[in-house]
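Notes to accompany the following structure.
The values are calculated or read from the model by the stated rules, or taken from the named source; none is laboratory data. The structure presented is a predicted model; accordingly, all values stated were derived computationally and were not measured. Cβ placement follows ideal geometry from the backbone for every residue including glycine, while neighbour counts extend to all protein chains displayed.
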Amino acid sequence: MSFDIAALRGAYPALAEQVHGRSLIYLDNAATAQMPLCVAQAVQGLELRRGNVHRGIHALSEECTQAYEDARATVANFLGASPDQIQFTSGTTDAVNRVADALAATLKPGDRIAVTRMEHHSNFVPWQQLCQKTGAEFCILPLTPQGDLDLEAAQELLSPGVKLVAAHSSNVLGTVNDIHALARLTHAAGGALFVDGAQGICHEPVDVAALDCDYYAFSGHKLGGPFGIGALFCRLPLPPARYGGGMVDQVLDLTTTFGPAPLMWEAGTPNVSGAVGLARALEFRRNLPEGWQDWEDGLLERLEQGLGELERVRILGRPRHRSGCLSFTVEGASPFDLAVLLDQLGIAVRSGHHCAQPLLRWLGVEYTL
Ligand code: PMP
């Protein structure tokens, strides 16, 4: 292989750990990835010399403000966006809810929001609930039998009236959606495209301009960053969904004017060390040795091939472009029992419905590995 996998593994303290007396084999990255040491050090460095951001003018406050805004610039750069289009969130779920809250006032009966059948609950339930509250129609875009988004069917469903389409790459099937094609269809119908990048950003370089999406959200902890931090790119002006200190211009007795983006989106003291850790994780990924994607694709191929040779194993979906993960079941065996057995061997996998019940129902299974 073209790069030194041992050196790369060495950057992650958790990968030297033992579990049940075995060397850890960590395959649960779609849920949460391990953290490189340099990220933990960046978080600690910030926490041990800190001041509140955008508030004080003493040295520590200014240093932290600078570190926080540098982190925003790193995120913007990673996505091909500008810093004033980036708000820090607590993760993808928070980002979806922020956009849904902000859009609530503009939706009315007759409007439509569409999500794909493969969405994680985080990119499904907030939109479903928003439609219930506003009287807008909630619509689910179907998949092909292989587990790809059915773009032809989507085209029909995205007739005028659609306000927003939410899509991503699947944390269950590993399907990578053709976001650019979906953006074209969504925009032709007059809607905006929200991309849940929680999985996608971990496996592909992202350029929001090339994808032509209107919103892009992701979580730090799936990229080796800290828990409780993520980012949201907004191409379109979005009113604030949270109110409080740090985001205002003038507070009068009965009215308030807000500061400029991105500060108007970030009420209260933000997760500064999380943002700095996230930026460090993105830099770490930017500097991964060349060939990491081939290595990762090779592992997935090997897994798919090996599992495919086992008689009682059913691999879910055969998408045109699968990346990062796959799911399977074993006839006659519970995914939970299998996960416990694998754990005894030091192998961490995810078992359950993966927060994607609408997809699993369609696949005719309740749980997978
Ligand atoms: N979307 C997808 C596709 C995911 O895989 C996940 C996490 N499993 C989420 C959204 C939610 O991310 P978080 O829990 O970090 O908010």
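Quick rundown of the values:
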item: Residues of region 198-213 classified as within 15 Å of the ligand (Cβ to nearest atom) and in a helix (DSSP H, G or I), total; result: 4
item: Residues that are away from the ligand (no atom under 11 Å from the Cβ) and assigned to a strand (DSSP E or B), drawn from region 214-223; result: Tyr215, Tyr216
item: Flag for Leu107 being crowded, with 18+ Cβ neighbours inside 10 Å, more than 16 Å from the ligand (Cβ to nearest atom) and either farther than 25 Å from Thr329 by Cβ or in contact (Cβ under 8 Å) with a residue 40 or more places away in the chain (or both); result: yes
item: Residue that is farthest from the chain's Cα centre (by Cα) [pool: residues in region 159-197 that are assigned to a strand (DSSP E or B) and among the charged types (D, E, K, R)]; result: Lys163
item: Test: residue in region 119-126 that is surrounded by fewer than 23 Cβ atoms within 10 Å (Cβ to Cβ), within 30 Å of Val75 (Cβ to Cβ) and free of Cβ contacts under 8 Å to residues at least 12 places away in the same chain; result: yes
item: Qualifying residue in region 26-37 (condition: closer than 11 Å to Arg280 by Cα, in contact (Cβ under 8 Å) with a residue 40 or more places away in the chain and either surrounded by fewer than 15 Cβ atoms within 10 Å (Cβ to Cβ) or not acidic (Asp, Glu) (or both)); result: yes
item: Residue satisfying condition, being in a helix (DSSP H, G or I), surrounded by 14 or more Cβ atoms within 10 Å (Cβ to Cβ) and modelled with pLDDT under 95, within set Trp362, Trp295; result: Trp295
item: Some residue of region 3-19 being assigned to a strand (DSSP E or B), surrounded by 13 or more Cβ atoms within 10 Å (Cβ to Cβ) and not aliphatic (A, V, I, L, M); result: no
item: Some residue of region 133-140 being more than 16 Å from the ligand (Cβ to nearest atom), crowded, with 23+ Cβ neighbours inside 10 Å and of a type outside the set (Lys, Arg); result: yes
item: From the options Ala81, Ala114, residue that is in contact with a strand residue (DSSP E or B) (Cβ under 9 Å, 6 or more places away or on another chain) and surrounded by 23 or more Cβ atoms within 10 Å (Cβ to Cβ); result: Ala114
item: Residue that is nearest to the ligand (Cβ to nearest atom) [pool: residues in region 336-354 that are surrounded by fewer than 16 Cβ atoms within 10 Å (Cβ to Cβ) and farther than 26 Å from Ser122 by Cβ]; result: Val340
item: Which listed residue, of Asp94, Asp70, is buried (at least 16 other Cβ atoms within 10 Å of the Cβ) and in a helix (DSSP H, G or I); result: Asp94
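Residue by residue, here is whether (1) touching a strand residue (DSSP E or B) at 6+ places or on another chain (Cβ under 8 Å); (2) surrounded by fewer than 22 Cβ atoms within 10 Å (Cβ to Cβ); (3) more than 29 Å from Ser122 (Cα to Cα) holds:
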residue: Met247; (1), (2), (3): yes, yes, no
residue: Glu266; (1), (2), (3): yes, no, no
residue: Arg286; (1), (2), (3): no, yes, no
residue: Gln305; (1), (2), (3): no, yes, yes
